Amino acid sequence: QAILGERNSYSKTDPDATFMRMKEDHMRNGQLKPGYNVQIGTENQFIVGYSLHQRPTDTRCLKPHLEKVKDALGKLPGTVIADAGYGGEENYAYLEEGKIEALVKYGTYHKEKSKAWQKDISKIDNWQYDEAEDSWTCAAGRKLVFRYETTETTESGYEIRKRHYRSLSCEGCPLKSACTKAQGDREISVSLRFLRYKQQVREKLRSEEGYA
């Protein structure tokens, strides 16, 4: 436990290394290998900062990486461009707080553009949200009303608030089989803050400058 710290694995031959899934998977069996996650920030092809992490996912590396860049350069950049691996609510909140323009995709950004996604009635992206009433209207025109809120705290102490909604009734709905496999009425949990961040990023990335 003392060697592990916040990790869930380490290598006996290199205790600082954490087992991670590598992109180079010659055996194609998803085997884990001891390694490190290296983050590099560039500006016009010049490296302006790097950091080394024991975390396998990129999402949780953005904040510590940028903090190291800030310590080295004395300030943070005005804009951060990163791929979908960094597009989490906590990262968007961090960038907004630092007044940094976030050109950072989220996991479903490209899928949302497909016709299959836009026609998928199970996705709440294709539903209507009534802010005044705090309710969602599904593809069948039925309302899902607010029930309760839960809070998840991340490793760094950031709080993600999820609002839970349930349909007033799904009984007799002809679209139910395409909407959900769950028994009973449809339920969803949503972080409204994350939805707001995604909408902001979506607009920026689809602008001429953002696309460039």
Legend entry - Failed item in (1) open to solvent by less than 90 Å² (accessible area, probe 1.4 Å); (2) closer than 19 Å to Ser156 by Cβ; (3) touching an Asp or Glu at 6+ places or on another chain (Cβ under 7 Å); (4) not polar (S, T, N, Q), with Gly5 passing the rest: (3)
Legend entry - Matching residues in the stretch 184-212 - criterion: being in a loop (DSSP other than H, G, I, E, B) and over 14 Å from Asp125 (Cα atoms): Gly184, Asp185, Arg186, Arg206, Ser207, Ala212
Legend entry - Asp71 vs. criteria of a type in the set (Asp, Glu) and either more than 30 Å from Cys179 (Cα to Cα) or part of a strand (DSSP E or B) (or both): yes
Inset, instruction - Would you check which residues across the stretch 123-164 are assigned to a loop (DSSP other than H, G, I, E, B), within 22 Å of Tyr197 (Cβ to Cβ) and open to solvent by less than 50 Å² (accessible area, probe 1.4 Å) and list them? - result: Trp127, Asp134, Thr154, Gly157, Tyr158
Inset, instruction - Within the stretch 58-66, identify whether any single residue is modelled with pLDDT under 95, polar (S, T, N, Q) and within 17 Å of the chain's Cα centre (by Cα), and answer yes or no. - result: yes
Inset, instruction - From the list His65, His53, pick out the single residue that is open to solvent by less than 40 Å² (accessible area, probe 1.4 Å) and over 28 Å from Gln200 (Cα atoms). - result: His53
Inset, instruction - Just one of (1) open to solvent by less than 60 Å² (accessible area, probe 1.4 Å); (2) at pLDDT 95 or above; (3) among the charged types (D, E, K, R) trips up Glu96, so point out which. - result: (1)
Inset, instruction - Restricting attention to the stretch 111-122, report how many residues are open to solvent by 50 Å² or more (accessible area, probe 1.4 Å) and either in contact (Cβ under 8 Å) with a residue 24 or more places away in the chain or not polar (S, T, N, Q) (or both). - result: 5
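The values are calculated or read from the model by the stated rules, or taken from the named source; none is laboratory data. Since the structure is predicted, the reported quantities are computational estimates derived from the model, not experimental observations. Note that each Cβ is placed from the backbone with ideal geometry, even for glycine, and that neighbours are counted across all protein chains shown. For the accessible areas, the whole protein counts, side chains as well, though only heavy atoms, and no ligand, DNA or RNA atoms are used. Shrake-Rupley method; radii C 1.70, N 1.55, O 1.52, S 1.80 Å.
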